[in-house]
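Here is the structure we will look at, set down as structure tokens.
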Amino acid sequence: MMRKFAAAATLLLAVSVAAPAWASAGLPKLATLQLDKAKATLYNDSPTLLTGSNTLTLEIADLPEGLLVDLNLVGPEGQIIPVDLRPLTITEGPADAHGGDAHAEGDDHAEATDDHSEAADPHDQPADSHDNEAQDSHDEPQLDDHAAAEADDHAAAGYNMRGKVSVPTTGHWKVVVELKDAHGVATSAQAEVEVERGGPSRVYLGFTGLLMGGTAVYSLIERRRQSTRGEVAKQNGR
Amino acid sequence: MAANAKPQLPPEESNDLLDSSWFKAFLKSRWFPAMLSYPTLVVFGYIVYALLWGPTAASANLGTSLTWVLWWPLIPIFMFTLGRFWCAICPFATVIDTVQKVLGLGRPVPPFLKKYGIWIIDAVFIIITWADHVFGIVESPRGSGYLLGLMVTGVVVTGILFERRAWCRFLCFLGGLSGNYSRSAMIELRATPEICATCKTQSCYKGDGKTPGCPIFEFPRTMDTNANCNLCMNCLKTCPNDSIRLEARPATKELWFIRRPKFEEAFLAVVIVGIVLVQNVTMVSFWGPIMDAMTAALFGSKTLAFTVLFLFAMAIPFGIMAGASKLSGSMSGEGFAKNFARFGYAVIPLDLAGHIAHNLFHLLAESKSIFYNTAALFGYHVGGPAGLIEASTIQWLQYGTIALGLFGSAFTAYKIAQRSSDGKSTTSLKTFWPHLLVLILFGIVNIWLFTFPMAHRV
């Protein structure tokens, strides 16, 4: 029994020398952009942008009032994909009890989450009416007058919006954040992001598919053989 | 009373849940477990899709939330109250049954699987726990998806090749865990021996043409353990003599005397102590410096460092328990292996408590992530703290759970000590004390670990 345990342990140790640590955690930060005096942080639901659906969260601390925010992705061939941003509703509840360095990779998320919870009221956000004709292709949320009025009453406040976007291709993309006033683009900033292929590994899919499919085919052949053998036996009067 | 009639107890004394006619009718109907298992399969399908094709950040992936924040914490609670009921509605079982109808070859299970199945389960459980920390299964949606996908592959392959639910009985690591935990459960399904003695059909095992027999290769007539009963109710549906009973019982009662204790099952129970300790210690604050020191000492390889610590953590409970078994066995003239096999089962209540207590944190401190991620699925963006209650309250619940588990284990060890290995009563409880001390030690370590703040999964 001890020899079996030692053999298994040795094997595990040998594998572990070669194996990388892939564990990851937290809501990943994609980019930080400086827009004059305002700092924008962009989070994603994956560590990088992936082909397919991504949910981006844009936080802008100290956003001057009266400015509208646009977020776009610009592809390697110049294609522009607007991100439809909607207010992030923050619920109340007990504070997250984060602890332990073991979760160090998620610490950014821990801090980000705490910041999210402090920016509690979506009505604190500046009006984001997207009346600009150049943005007609957006399907933007229509904030009510109440929200716009309240936003005007506030001093420069935190901005906390989230939007889903579908990225079609891999490659080097740019994230562009624009702040617009009544006269047009007041300021903008951009960051490079890499878009990777989403979904599981093709090798994995191939391996599991082959195993299941191969077994299924084997079964079909074997069942056919058995039924043929049965028919032959019947014909021979056995 | 007719020969095949079930011995009737007065209603107030009967523990048989099947005395309720509507409940019995429901369990015997085609609606059970189909009305639960098919929706579970649909949800499972979505979960696998979300894990493999959805966001790769755990906190944003609904598959991760549903699996590791909701299902994994609830599953040991199910096992304690309802035995292996999860297995009755498990999507893997539904996949096996469906695949077998279309493609099944129905071959007998190979002898090596029957002989070594539980060891394979032990090894797989250990490897998965190791892989979780090295490759990130729980904290990586893709990792979780790969694991579930591999299990589905195993399920399909074994379902096509072998008869009945060979995967569930001999290969599923969850089945092994369920089997151990469900021995502590508060219900049991048994047959009535006096009725079965006159049975000519044995359709509980063979099936009756309409409903298959036991899918887990159990023969209800002689079944005396919850370990392999997945409460599918096939035996209830096929039994022509109304022999099947589904009774409530004191928790852990089955562990008090096991007719044929198996070393490999006791080994799994003790290994789970180590696994629960690893899961706890890797989520507390002092783990980081320990890992850093080990990594520096071992060629800068974090993986190698973790593996060494992991093997150490597996070996310690086994070593301590082995020492107690040697001492305890020497007091009764029983060999080490026999004593270990008998008393190893006593740690199961503490295993269960440790598992529940650890996951109470994730369930109560992170469960709003399920709501947020479900809302996101329908286009509503909601965020905020993920907890339902304060962390300090959760800690007290954890302490209480461990205390209950420790009591359950200690009482079980006491009852085991009251009988010698041949089942005869004994007045000597010398064999009890070494195991009691070990259980108290395991309990104290668990409680001590819960005094530290725990890291989130999502």
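Some notes on this structure:
- Complete set of residues in the range A:209-238 that are of a type in the set (Gly, Ala, Ser), more than 30 Å from A:PRO47 (Cα to Cα) and exposed (fewer than 15 other Cβ atoms within 10 Å of the Cβ): A:GLY213, A:GLY214, A:SER227, A:GLY230, A:ALA233, A:GLY237
- Here B:TYR181 meets each of (1) assigned to a loop (DSSP other than H, G, I, E, B); (2) of a type in the set (Phe, Trp, Tyr); (3) buried (at least 18 other Cβ atoms within 10 Å of the Cβ) with one exception, condition (1).
- Residues of the range A:11-44 satisfying the condition of being within 11 Å of chain B (Cβ to nearest Cβ), at pLDDT 60 or above and in contact with a Lys or Arg (Cβ under 9 Å, 6 or more places away or on another chain): A:TYR43, A:ASN44
- For the range B:101-145, a tally of residues being in contact (Cβ under 8 Å) with a residue 24 or more places away in the chain and touching a Pro at 6+ places or on another chain (Cβ under 9 Å) returns 4.
- Residue count, the range B:327-361 (criterion: without any contact (Cβ under 8 Å) to a residue 40 or more places away in the chain and away from every other protein chain (no Cβ under 14 Å)): 2
- Some residue of the range B:244-257 being modelled with pLDDT of 95 or more, in contact with a helix residue (DSSP H, G or I) (Cβ under 6 Å, 6 or more places away or on another chain), crowded, with 19+ Cβ neighbours inside 10 Å and not charged (D, E, K, R): yes
- Only helices (runs of 4 or more DSSP H) whose full extent lies in the range B:202-295 are considered here, and the ones with at least 1 residues that are more than 22 Å from B:PHE318 (Cα to Cα) are B:203-206, B:234-238, B:253-256.
- Every condition in (1) more than 27 Å from A:THR89 (Cβ to Cβ); (2) touching a strand residue (DSSP E or B) at 6+ places or on another chain (Cβ under 8 Å) is met by B:HIS381 except one, and the failing one is (1).
- Top-ranked residue of the range B:362-406 - restricted to ones that are assigned to a helix (DSSP H, G or I) and of a type in the set (Val, Ile, Thr), ranked as farthest from B:LEU277 (Cα to Cα): B:THR374
- Considered as a group, the residues in the range A:196-208 that are surrounded by 12 or more Cβ atoms within 10 Å (Cβ to Cβ), outside any loop (DSSP other than H, G, I, E, B) and more than 7 Å from chain B (Cβ to nearest Cβ) include one that is farthest from the chain's Cα centre (by Cα), and that residue is A:PHE207.
- Qualifying residue in the range B:342-359 (condition: surrounded by fewer than 24 Cβ atoms within 10 Å (Cβ to Cβ) and of a type in the set (A, V, I, L, M)): no
One line per residue, one yes/no per condition, for (1) within 14 Å of chain A (Cβ to nearest Cβ); (2) assigned to a helix (DSSP H, G or I); (3) closer than 30 Å to A:GLY198 by Cα; (4) touching a Leu at 6+ places or on another chain (Cβ under 9 Å):
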position	(1), (2), (3), (4)
B:ILE137	yes, no, yes, yes
B:ARG142	yes, yes, yes, yes
B:VAL157	yes, yes, yes, yes
B:ILE160	yes, yes, no, yes
B:TRP167	yes, yes, no, no
B:ALA185	no, no, no, yes
B:LEU189	no, no, no, yes
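- Residues being over 16 Å from the mean Cα position of the chain (by Cα) and outside any helix (DSSP H, G or I) - total across the range B:88-122: 7
The values are calculated or read from the model by the stated rules, or taken from the named source; none is laboratory data. All values derive from a computational prediction rather than experimental measurement. Please note: Cβ atoms are built from the backbone with ideal geometry, for glycine as well, and neighbour counts cover all protein chains shown.
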